[in-house]
1. Being modelled with pLDDT under 90, touching a helix residue (DSSP H, G or I) at 6+ places or on another chain (Cβ under 9 Å) and not hydrophobic (A, V, I, L, M, F, W, C) is the requirement here; does residue 84 meet it?
2. On the basis of being open to solvent by 20 Å² or more (accessible area, probe 1.4 Å), of a type outside the set (Gly, Ala, Ser) and either over 16 Å from residue 115 (Cα atoms) or at pLDDT 90 or above (or both), does residue 20 make the cut?
3. Does residue 138 satisfy being in contact (Cβ under 8 Å) with a residue 40 or more places away in the chain, surrounded by fewer than 18 Cβ atoms within 10 Å (Cβ to Cβ) and in contact with a helix residue (DSSP H, G or I) (Cβ under 7 Å, 6 or more places away or on another chain)?
4. Yes or no: the stretch 130-137 includes at least one residue that is touching a strand residue (DSSP E or B) at 6+ places or on another chain (Cβ under 9 Å), among the polar types (S, T, N, Q) and more than 25 Å from residue 217 (Cα to Cα).
5. Quick check on my filter: what residues within the stretch 84-114 are open to solvent by less than 20 Å² (accessible area, probe 1.4 Å) and not acidic (Asp, Glu)?
6. Within the stretch 10-17, does at least one residue satisfy the condition of being buried (at least 19 other Cβ atoms within 10 Å of the Cβ), without any contact (Cβ under 8 Å) to a residue 60 or more places away in the chain and in a helix (DSSP H, G or I)?
7. Which is free of Cβ contacts under 8 Å to residues at least 12 places away in the same chain and either in a loop (DSSP other than H, G, I, E, B) or open to solvent by less than 40 Å² (accessible area, probe 1.4 Å) (or both), of 81, 54?
8. Please pick out the residue among 117, 186 that is touching a helix residue (DSSP H, G or I) at 6+ places or on another chain (Cβ under 7 Å), among the β-branched types (Val, Ile, Thr), open to solvent by 20 Å² or more (accessible area, probe 1.4 Å) and assigned to a helix (DSSP H, G or I).
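The values are calculated or read from the model by the stated rules, or taken from the named source; none is laboratory data. On a predicted model such as this, the values are computed, not experimentally measured, just so you know. Cβ coordinates were reconstructed from backbone atoms using ideal geometry, including for glycine residues, and neighbour counts include every protein chain displayed. Surface accessibility is based on the protein's heavy atoms, side chains included, excluding ligands, DNA and RNA. Shrake-Rupley method; radii C 1.70, N 1.55, O 1.52, S 1.80 Å.
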Amino acid sequence: MQNPIHPTQSLRIAFTLSLLGGYLDAFCYLNFDGHFASLQSGNIILLTLNLFNHHLATATSYLVPLFAFIFGAGCNYICRHIFPTQSSYVWQEVSLIVELVGFFICGLFATKLNPEVLIAVMAFFAAIQADTLNSVHGMTYASIMSTNNLKTLGSSIGEFLLTRKPSALRNATNFAMIILAFFFGVVLANIGIHHFGIHALFGLCIFLVIALVILRHHLFNHTKVV
């Protein structure tokens, strides 16, 4: 019999947050001239290339989301210790609510803020996303990028082929769903930007509301979730 999992490790939540991750990466890439709020590896690569080619002003612009992301991760660590898990809520709920409010404010002022300021604020909240609810059925995953998820998918498929363990097949299925969600998030971002432009940023809030509703439902019922 499969052991009950913690409500925060639900595949439904992982799927929803991975939709958000794909949406966020695509939204930033299309609206901020190749700058990312969440995919910091991309920012580091572009920072280095611009430094190498003596484009100092452009290179400096990539430092803004990098430092904002670091600051956001630090603040989320503090939040995790100020609001520890209780019987009625978990610290991840608090982090998601902060992220929701943050992205909503970004959406309200998106047309008024300087793009560098907006990408910095979004990077701050993207760090909270990266550091919150990052486990599915006991396996660590990333909701804002897919590299490690692809590695885990391949490893799980290899393990299943060798051992025929049901747990390996379950992990492979879970990570395939997470990667698929990221893909659909990118598609939805393209559709949203086409119809709503910069205001498509509010789509991030929709995903967060869905994730919070699912998490609250799981915590309220205290039952096994899949």
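1. The answer is yes for residue 84.
2. No; evaluated as a whole, the condition is false for this residue.
3. Taking the combined requirement at face value, the residue satisfies it.
4. no
5. Selection gives 90, 95, 96, 102, 103, 106, 107, 110.
6. No - not one qualifying residue is present in the stretch 10-17.
7. 54
8. Of the residues listed, the single one that is touching a helix residue (DSSP H, G or I) at 6+ places or on another chain (Cβ under 7 Å), among the β-branched types (Val, Ile, Thr), open to solvent by 20 Å² or more (accessible area, probe 1.4 Å) and assigned to a helix (DSSP H, G or I) is 186.
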